[in-house]
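Here's the structure we're looking at; comments come further down.
Where a number appears in this text, it was derived from the coordinates with a stated rule and is not lab data. Model, not experiment: these values are computed from the prediction. Ideal geometry is used to build each Cβ from the backbone, glycine not excepted, and the neighbour counts take in all protein chains shown.
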Amino acid sequence: VGPTLLLLNLLPSGILMYINELLPMMAKSLSWGDETIEFQSYWTAFYWAWWIAWTPFVGMFVARISRGRTLREFTVVTVFAPTLILILAFTVFGGTAITFHQQGVEGFDGSEGGEAVLFAMFQNLPLGQITPFILLFVLAVFFITSADSASVVMGTMSSKGNPTPNKLLVVFWGLCMMGIAIVMLLTGGEDVLSGLQNLTILSALPFSVVLLVMMVAFVKDLRSDPMFIRRTYAQTAVANAVIRGLEEHGDDFELTVRSAEEGRGAGADFDSTSERYTEWYQRTDEDGDNVDYDFGTGEWADGYEDESKKD
């Protein structure tokens with residue numbers, strides 16, 4: 001309903017322009033002057049810290065509702081899908097607001113703040129009488145669900161990882177967050193929020209080091225994943241077979257599957273009974289309790305049938 005043709009052209013050009021300017025933007029540092037320092041402090045550094053501060057809550061919450069998904073599915077949905085939505089949102093809303101500013105529409109000179117521009121944009125589009133209420137409802141849903149998920153995760157973290165923490169504990173953390181927000185708004189409004197931004201940056205700095213260590217630990221932990229082990233087995237077995245075939249038969253040999261001599265097999269240096277590996281094969285329910293498996297029928301106690309056993 002806005003400048004449709006402009007927005008359709010703005011989508012590909014905006015994406016390509018962003019990619020083209022990505023490295024120059026990443027190269028900006030304190031040597032660029034006071035204006036760059038100011039921008040990076042209230043935008044770049046703050047949002048880095050904001051995302052880092054939210055990782056314990058968002059990470060655990062999204063992982064919980066993504067139970068049963070592969071890492072590839074998880075990555076695509078949590079990284080690429082939101083990115084696409086944000087590109088569309090910024091292009092449509094930003095392009096429309098810029099067009100109204102160029103046309104001299106009242107309320108788009110930037111003197112009243114970004115929030116006023118947002119509502120002014122909707123008022124200049126169709127159904128402008130009801131869209132502000134829809135916008136407030138959407139914002140309320142966002143804040144309520146964010147606070148709810150944060151309360152549940154904090155309850156889980158303060159209950160030794162219990163995925164279903166006591167409801168009273170969840171309510172307690174929710175009331176704490178609400179109380180902190182009310183006190184900050186009543187005591188100083190935007191000035192207190194500016195101080196909170198600086199506090200967020202300081203508190204997120206040490207946790208960024210923890211995240212780097214967690215990344216290394218996660219990659220190491222994935223080496224005990226059954227799929228990774230099977231792929232390593234296959235590559236090692238084929239490599240060993242080819243080398244041995246060339247050693248014993250020259251160019252004329254074929255590959256067969258049989259028990260290998262001690263020390264020459266693909267799993268010669270691998271202990272399949274180690275708890276590090278066996279716990280991957282133990283299914284658990286949503287409460288974290290173990291689910292029994294019937295090797296004869298190939299069925300789990302929760303009714304799930306093992307397709308590999310059927311084959």
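Side notes on the structure shown:
- For the range 254-269, 3J(HN,Hα) per residue [Karplus equation, 6.51 cos²θ - 1.76 cosθ + 1.60, θ = phi - 60°, Hz, x = Gly/Pro]: 9, 9, 10, 10, 7, 5, 8, 5, 4, x, 10, x, 5, x, 4, 9
- FRET E, pair LEU125, THR83, Förster distance 35 Å, beta-carbon r, rounded to 0.05: 0.90
- Given their separation in residues at 0.36 nm each and the Cα-Cα distance between them, ILE144 and TRP51 gain 31.7 nm when the chain is fully extended.
- Translational diffusion coefficient (Stokes-Einstein; Kirkwood radius from C-alpha pairs) of the range 61-121 at 20 °C, 1.002 mPa s, in µm²/s: 152
- Where labels lie 7 Å past Cα in the beta-carbon direction, separation of GLU112 and ARG244 in nm: 8.0
- Residues HIS101, HIS249 arranged by fewest to most Cβ contacts within 10 Å: HIS249, HIS101
- Computed from label points 7 Å out along Cα-Cβ, the spacing between ALA260 and ILE180 is 5.4 nm.
- Stokes-Einstein translational diffusion, the chain - Kirkwood Rh over all Cα pairs, 0.890 mPa s, 25 °C, in µm²/s: 96
- The calculated FRET efficiency for ASN290 paired with ARG69, based on their beta-carbon distance and R0 = 25 Å, is about 0.75.
- Along the range 96-112 the Karplus relation, 6.51 cos²θ - 1.76 cosθ + 1.60 evaluated at θ = phi - 60°, assigns HN-Hα couplings of 5, 5, 5, 4, 5, 5, 5, 7, x, 5, 5, x, 10, 8, x, 6, 9 Hz to successive residues, with x for each Gly and Pro.
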